[in-house]
Amino acid sequence: MKTIVGNWKMNVGTRESVALARGVLLALRGKKRLPEVALCPPFTALGEVRKVVARSHASLGAQNVAAEEQGAFTGEISTRMLVELGVTHVIVGHSERRHLFGETDASVNQKVIRTLSAGMVPIVCVGEGAADRADGKERDVVAAQLRGALADLHLRHKERILFAYEPVWAIGSGTSDTPADAVAMHAWIRSLVPELLPGIKPEQVAVLYGGSIDGSNAYLFLREDEVDGLLVGGASVKLSEFTKILDAAADVLDARAA
Ligand code: PGA
């Protein structure tokens, strides 16, 4: 399976979100084989986008969630609130949250645990900075992030966890990683997971790539077996680009089935 996640960030209001969601559903129409699709609008648009994607192939995702369950946490949004809105996927530990809002491995860990216990699928973001890559430390950085994010976690039978490998220097920069380097990192992530989550089955885990994906490079990543899908930022709010990405995913699935 291939999974395409659109992270709309703080780039669209409710009206644009609804239009975008409708456009995505239209783009999926008529395809023989569909990738799994999750759309992550801003919190304020979740309720309206839910109405559009209800009973469709697309799932509803949130861009963040509170680490705490409930209480005096002004401005925070809990897992229960998200579940009430029909949210099934939650992006956790995005690099913008880590770097701009002080998200730590410990808070990522709490959010992952809460998301799973609320019955939703966490999309756990990891990735090294430019200096780490220059120093050849990208594996160490990603391993440490994974260890932090998955501490004390026990995945139950049917629970799933998605990882998004997003090198920080590739996010929003217009320079993606190379498919070959992404493949190597995905394999590394996949090799660490059984040690961190003993007993986990391969089908409970997917590893997505994110960072400057658009309609022109999506296929080059998706055709790799190690790349289970893509987390798309900038290009996910441009319907024509996102449509090309969905087309690329459908092409890969068709080619596999042929
Ligand atoms: P980008 O963002 O596609 O704009 O590089 C990816 C992300 O932030 O998830």
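Per atom type, the range 3-257 shows carbon and sulfur on 52% of its accessible surface, probed at 1.4 Å. Kyte-Doolittle cut-off -1.0, length cut-off 15 Å along the helix's own axis using Cα: show which whole DSSP H helices in the chain pass. Result, helices passing both filters: 14-28, 105-117, 138-149, 179-196, 239-257. The Cα-based radius of gyration and maximum Cα-Cα distance (Dmax) for the range 103-235 are 14.3, 40 Å.
Taking the Cα centre of the range 1-160 as reference, the dipole from Cβ charges on Lys and Arg (+1) and Asp and Glu (-1) amounts to some 1020 debye.
Charge tally for residue 111 (other residues, Cβ to Cβ under 14 Å; Lys, Arg +1; Asp, Glu -1): -2.
Counting Lys and Arg as +1 and Asp and Glu as -1 over every other residue whose Cβ lies under 11 Å from the Cβ of residue 241, the net charge comes to 0. Other residues with beta-carbon under 12 Å from the beta-carbon of residue 14 carry, at +1 per Lys or Arg and -1 per Asp or Glu, a net charge of +1.
When the Cα atoms of the chain are aligned to their principal axes, the ranges along those axes come out at 45, 42, 36 Å in descending order. Near residue 229, the amide H atoms lying under 5 Å from its own belong to 3, 209; only residues 5 or more places off or on other chains count, and H is placed 1.01 Å from N.
With a 1.4 Å probe and all protein chains kept in place, how do 178, 243 rank by accessible area, largest first?
Greatest to least solvent exposure: 178, 243.
Accessible surface for the chain, divided over its residues, is 46 Å² per residue with a 1.4 Å probe.
From largest to smallest, the equivalent ellipsoid semi-axes obtained for the range 128-175 from the alpha-carbon gyration tensor read 26, 14, 6 Å. Within the straight-line cut-off of under 28 Å between alpha carbons, the lysines reachable from residue 238 are 2, 9, 31, 32, 51, sequence neighbours fewer than 8 places apart in one chain being disregarded.
The values are calculated or read from the model by the stated rules, or taken from the named source; none is laboratory data. Since the model is a prediction, treat every value here as computed from it, not as a measurement. Cβ coordinates were reconstructed from backbone atoms using ideal geometry, including for glycine residues, and neighbour counts include every protein chain displayed. The protein model used for the area step is the full one, side chains on, heavy atoms only, and it has no ligands, DNA or RNA in it. Shrake-Rupley method; radii C 1.70, N 1.55, O 1.52, S 1.80 Å.
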